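Notes follow once the structure below has been shown.
The values are calculated or read from the model by the stated rules, or taken from the named source; none is laboratory data. Since the model is a prediction, treat every value here as computed from it, not as a measurement. Here the Cβ positions follow ideal geometry from the backbone for every residue, glycine too, while neighbour counts run over all protein chains shown. Just so you know, the surface numbers come from the protein's heavy atoms only, side chains and all, with ligands and any DNA or RNA stripped out. Shrake-Rupley method; radii C 1.70, N 1.55, O 1.52, S 1.80 Å.
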Amino acid sequence: MGSEAELRQEPTIVIYGGAFDPPHIGHRLVVARASELFPKSRMWISPSPSPAGAGQQHKTPGASYEQRVDMCRLNFADSIASGQVEISLLEAQLPAPNYTIRTLQHCAQSFANNRWALLIGLDQLEQFDRWRNPAEILALADVIVVSRNSESSLSDAVLRMGQKLGLVAELVDTHKMRWQKLSTFIYLLPGCVSDAASRDVRNDPNLALKKGWLAPELADYIQQHRIYTK
């Protein structure tokens with residue numbers, strides 16, 4: 001176990017990366033929950049120009065990078081207005097595809113004296129061992145895991161992922177774990193956030209709007225720019 005001072009350390013910057021193709025209510029609720037957990041942290045929403053997928057299964061977004069940035073600004077407008085959240089264009093400056101390890105290495109070099117965290121969903125945690133350099137990612141950043149649309153045990157998922165990487169996690173408190181050989185933490189945010197999924201929004205934006213998955217201004221943007229039309 002670390003010292004009491006080490007255990008009190010919290011991230012100064014939380015990175016929420018992804019394709020955001022498109023962003024939706026689920027993404028917004030995830031950011032709201034993380035912001036409540038870490039009110040003093042800066043939240044960076046980081047749309048990827050060239051999203052890297054686990055196991056080399058890279059994604060080809062249906063919307064352009066510029067459109068996805070615009071949609072993120074609309075989707076997270078209230079959080080941005082609060083001053084705690086900002087849209088980061090950092091990954092547009094980095095080589096494609098946008099591997100998380102490259103982003104974190106760049107951040108560690110370019111923005112010194114920060115403690116970093118990644119905000120991910122349970123689905124991403126379950127395939128985390130297939131990311132590029134997963135153990136190195138865990139050495140550089142804390143991880144905040146949101147269950148999103150699953151009630152599976154987050155702590156069990158962390159333990160399974162650790163076994164795949166040869167790492168052992170120990171419970172610090174009810175919603176916090178720590179890697180024994182690293183100085184980073186895993187924060188667990190259980191409970192269903194939303195069953196919205198970008199894939200379903202792309203398939204039928206109008207239905208997503210009716211379900212409350214898509215903000216009206218975002219639905220208007222998608223219609224205006226004829227994104228995801230078949």
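Send over the per residue convex hull volume for the range 27-97, Cα only, as a whole number of Å³.
In the range 27-97, the Cα hull volume divided by residue count equals 107 Å³.
Ignoring everything except DSSP H segments at least 4 long, calculate the 222 nm mean residue ellipticity for the chain; use -39,500 (n - 2.57) per segment, divide by total residues, nearest 500.
Calculated mean residue ellipticity at 222 nm is -10500 deg cm²/dmol.
Please express the shape of the chain as an equivalent ellipsoid: the semi-axes are the square roots of 5 times the eigenvalues of the C-alpha gyration tensor, given largest first in whole angstrom.
Equivalent-ellipsoid dimensions as semi-axes: 29, 18, 17 Å.
Working from the alpha-carbon coordinates of the range 74-142, get Rg over Rh, Rh being the Kirkwood radius.
For the range 74-142, the value is 0.99.
In terms of Cα to Cα distance under 15 Å, which aspartates and glutamates are near enough to residue 164, apart from those fewer than 8 places away along the same chain?
Those aspartates and glutamates meeting the cut-off are 126, 129, 136, 156.
In whole Å, how far is the Cα centre of the range 45-124 from that of the range 172-214?
16 Å
With each label point set 7 Å from Cα along the Cα-Cβ vector, what nm distance links residue 174 and residue 229?
5.1 nm
Hey, what's the chain come to in accessible area per residue, 1.4 Å probe, Å²?
Here the residues of the chain average 49 Å² of exposed surface.
Would you kindly calculate the mean projected area, averaged across all directions, of the convex hull enclosing the Cα atoms of the range 122-230, in square nanometres?
8.6 nm²
Rg to Rh for the range 7-133: what is it, with Cα atoms only and Rh by Kirkwood?
0.93
Residues with beta-carbon under 14 Å from that of residue 108, excluding residue 108: net charge, scoring Lys, Arg +1 and Asp, Glu -1?
Surrounding charge for residue 108 is 0.
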